[in-house]
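The values are calculated or read from the model by the stated rules, or taken from the named source; none is laboratory data. Just so it is clear, the model here is predicted, and its values are computed rather than measured. Here the Cβ positions follow ideal geometry from the backbone for every residue, glycine too, while neighbour counts run over all protein chains shown. Ligands, DNA and RNA are stripped out before the accessible areas are found, and what is left, the full protein with its side chains, is counted by its heavy atoms. Shrake-Rupley method; radii C 1.70, N 1.55, O 1.52, S 1.80 Å.
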Amino acid sequence: MERTTSTPARTPRRAAKPWLAAAVVATLSLPVLAAPAGAAGPGGGPGPGAGTTSCAYGYTSEATVWFGAGADSGVTNHETRAGCTVMDEIMAGAPFRTHGQFVRTVTSVTKDLVRERVLTGGERRDILRAAAASKVGKPHPVTGERSVDLSAIGLVGYTVRATMPADAEGTLGALAECGFQNIEPSGSAGNFYGYTAAELAPLTDAAGIEVPSLGVSLSNLQNDVDLVAAEAHAIGAKYVRISGSGSWTLADYSRTAAILNEAGEALSAEGIRVAYHNHGYEFETEEDGVTGYDVLVRETNPAFVTMELDVYWAASTQTAATDLFARYPGRFELLHLKDIAEDGSFADVGAGTIDFAEIFAAAPLAGVRYGFTENDQPSPDGVTSACTSLGYLAELRY
């Protein structure tokens with residue numbers, strides 16, 4: 001997100017826009033997941049992504065060959081050999097050091113796939129055009145000349161969970177006073193700090209704060225998509241996001257991806273996108289070099305599902321946000337912006353060890369549209385912590 005002045009500006013209700021103008025809830029417990037329809041293979045055995053092929057937990061064949069915003073080939077992500085897909089073949093070399101290296105890889109892989117009759121010549125040309133148009137492998141330097149567009153910055157409501165139930169009006173007013181223009185309420189459909197979305201909407205409207213995203217439960221997506229849609233419409237949200245469980249296996253992540261795809265397709269008709277918010281365990285659950293997070297990104301369809309990357313939790317496992325951006329371009333429309341202190345504890349944005357200038361500089365590659373500041377253990381209180389983080393972002397140059 002970039003703006004020509006560092007002075008915060010209030011804008012009217014608007015559609016989501018790219019993070020860089022110049023460039024273009026808590027943990028949910030789900031110990032046992034019911035397998036979605038079609039998850040089992042013949043005879044009730046494991047289905048695709050269940051460890052039966054060399055490309056288990058690979059990119060879904062239900063999507064297109066896609067390299068980020070503005071780089072969708074429109075070509076089906078066909079299955080190739082050994083249960084792999086076109087995207088598996090291409091992105092096996094990610095992250096790419098340069099854009100040229102990426103385009104050469106796409107050129108070589110698709111040439112072979114035409115010879116093997118996986119792709120037609122026309123499909124190959126469409127994929128090459130998308131690769132050339134992508135931001136993959138291009139440099140994203142920190143120049144120190146850009147400032148954060150505060151109209152695309154919000155607060156995760158979890159930060160002010162202590163005061164929202166009893167004094168939502170006062171809390172929202174205080175956040176607006178220090179410059180917040182967006183909030184992402186956390187909870188479940190029908191209960192955000194004791195409010196329904198319809199009850200909360202007049203309070204956010206009165207404060208001049210928009211609600212681009214809602215934190216709901218996986219159970220909501222599985223069992224009551226209509227309620228999720230109604231809640232989102234009532235408050236103007238264009239995203240709904242869920243979290244996972246530290247007890248999940250890779251098979252659970254695969255089943256969750258199927259649930260996200262199904263709910264995401266249904267909600268897409270309502271103008272709503274589904275997002276997955278991570279903690280640290282997604283990166284720690286691993287088999288043969290594949291993590292739970294890899295499964296979620298690869299097996300979800302970018303047309304319906306995006307990722308809400310929590311940069312603190314990723315950093316807590318020594319996973320850099322910018323490395324994820326490079327490996328999975330265009331998949332991160334939402335971010336949770338919170339800092340990690342040297343001792344691993346939560347810190348206000350700018351008070352810890354994360355390089356936010358690098359994150360903002362790489363945001364076009366990631367496809368970011370909104371960032372929400374957060375502190376799970378705010379001090380001395382949620383509003384003060386939130387305003388401190390926003391103040392840092394207002395002064396940041398990247």
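State which residue is nearest to LEU365 (Cα to Cα) when the search covers only region 78-95 and only residues that are in contact with a helix residue (DSSP H, G or I) (Cβ under 8 Å, 6 or more places away or on another chain) and assigned to a loop (DSSP other than H, G, I, E, B).
PRO95
Just checking, how many residues over region 54-77 are open to solvent by 40 Å² or more (accessible area, probe 1.4 Å) and farther than 22 Å from LEU296 by Cβ?
2
Every residue, every condition in (1) over 21 Å from GLN222 (Cβ atoms); (2) over 13 Å from the mean Cα position of the chain (by Cα), yes or no:
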{"site": "ALA258", "(1), (2)": "no, yes"}
{"site": "TYR276", "(1), (2)": "no, no"}
{"site": "HIS279", "(1), (2)": "no, no"}
{"site": "GLU284", "(1), (2)": "yes, yes"}
{"site": "VAL290", "(1), (2)": "yes, yes"}
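Inside region 361-398, can you point out the residues that are farther than 27 Å from GLY173 by Cα and either in a loop (DSSP other than H, G, I, E, B) or touching a Pro at 6+ places or on another chain (Cβ under 6 Å) (or both)?
Passing the criteria: ALA362, LEU365, GLY367, TYR398.
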